[in-house]
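Working notes, structure below.
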Amino acid sequence: MGSGKEKKKQQQHQKKKRFPLQPKKVVNNKRKKEKVKKTRSSSNNGESIENAKSKIKVKDTKLNDIVRFPTAAQQLEFFHEQYQSANRIQLSSLELDSFTETCMLELNPDHAQISSALADHMKVAFGPSWKESLCEKEIDEKIDPGQPALLVISLSALRSLDLLRELRPLTSECRAAKLFSKHMKIEEQASALKNRVNIASGTPSRIKKLIDVEALGLSRLAVIVLDMKTDTKGYSLLTLPQVRDEFWDLYRNYFHQRVLEGALRICLYDEIPVNIKKEKSNQDE
């Protein structure tokens, strides 16, 4: 009898030892399978990446590049993309026929495209009549008060002031109009616009309000400079959500039709991203 009890105890003891070991073996098997799958998938991914690279070597690719002196064609393509994306519309064929490279102002690359050179760029843009258009102070029968020939639109009041400082060579006789809301009442700005104005600089929201109340006129406007300078967070006039929406509201209501008619040119000032076609080959690598 004693030997029978000892056998039963040994069998039970062996079962207890075997039982906890069984799930561990299953878990280890699963992990091994998962590792095998991962290694296979990673090797497959590596092969697919290499295949993709080999395909890229043959095909052309479009890459975004930052251009400091964009051509009229590059400005036009960028502006079309921004306009259609922000407004969620597609330009009609008639609009595209009218909205050509002649609507964009291509800057002279001989001048450094920084804010200190803005005055020189505008002299070239207005041609031989730049003094009469941008500098003279007297009001005559041809020029009504509050009708700028040049309008600079910026992301913020501080940036507008920076560009106005750099335009001082053109505004020593006829003062430029400051069209932003910071520390300035709209009534004060409307009063200042009762004089001759050749150059104005401001933000989209305040510019639109002054046009709405008929203090700011557009009949003489020939060039709008859109300041593409980014702020410390990387936002620009066309990417900062609220300011972007205010600009396109202003543009749709007061500028778009004049651009299509050829009465107004757009200048994208500073660096912009453009699509540049590059052909990758074995020689490139």
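The values are calculated or read from the model by the stated rules, or taken from the named source; none is laboratory data. Note that this is a predicted model, so its numbers are computed, not measured. Please note: Cβ atoms are built from the backbone with ideal geometry, for glycine as well, and neighbour counts cover all protein chains shown. Side chains are part of the model used for accessible areas, which takes the heavy atoms of the whole protein and leaves out ligands, DNA and RNA. Shrake-Rupley method; radii C 1.70, N 1.55, O 1.52, S 1.80 Å.
Quickly run through the range 67-93 and pick out the residues that are open to solvent by 50 Å² or more (accessible area, probe 1.4 Å), farther than 14 Å from Tyr269 by Cβ and under 14 Å from the mean Cα position of the chain (by Cα).
Hits for the range 67-93 are Glu77, Glu81, Ser85.
For Gly127, are the conditions met, namely being open to solvent by less than 40 Å² (accessible area, probe 1.4 Å) and either without any contact (Cβ under 8 Å) to a residue 60 or more places away in the chain or outside any loop (DSSP other than H, G, I, E, B) (or both)?
yes
For the range 99-119, what are the residues that are assigned to a helix (DSSP H, G or I) and either closer than 16 Å to Glu271 by Cβ or modelled with pLDDT under 90 (or both)?
Once the filter is applied, which keeps residues that are assigned to a helix (DSSP H, G or I) and either closer than 16 Å to Glu271 by Cβ or modelled with pLDDT under 90 (or both), the range 99-119 yields Ser115, Ser116, Ala117, Leu118.
Say whether the condition of being touching a Ser or Thr at 6+ places or on another chain (Cβ under 6 Å), hydroxyl-bearing (Ser, Thr, Tyr) and not in a loop (DSSP other than H, G, I, E, B) is met by at least one residue in the range 133-152.
No, the range 133-152 has no match at all.
Quick one: in the range 210-238, of everything that is basic (Lys, Arg) and farther than 17 Å from Gln147 by Cβ, which residue is farthest from the chain's Cα centre (by Cα)?
Lys233
Which one is nearest to Asp249 (Cα to Cα) among residues in the range 184-229 that are touching a helix residue (DSSP H, G or I) at 6+ places or on another chain (Cβ under 8 Å) and among the polar types (S, T, N, Q)?
Ser205
For the range 233-274, what are the residues that are of a type in the set (Val, Ile, Thr), out of contact with any Leu (no Cβ under 8 Å at 6 or more places or on another chain) and in contact (Cβ under 8 Å) with a residue 40 or more places away in the chain?
Selection gives Val259, Ile272, Val274.
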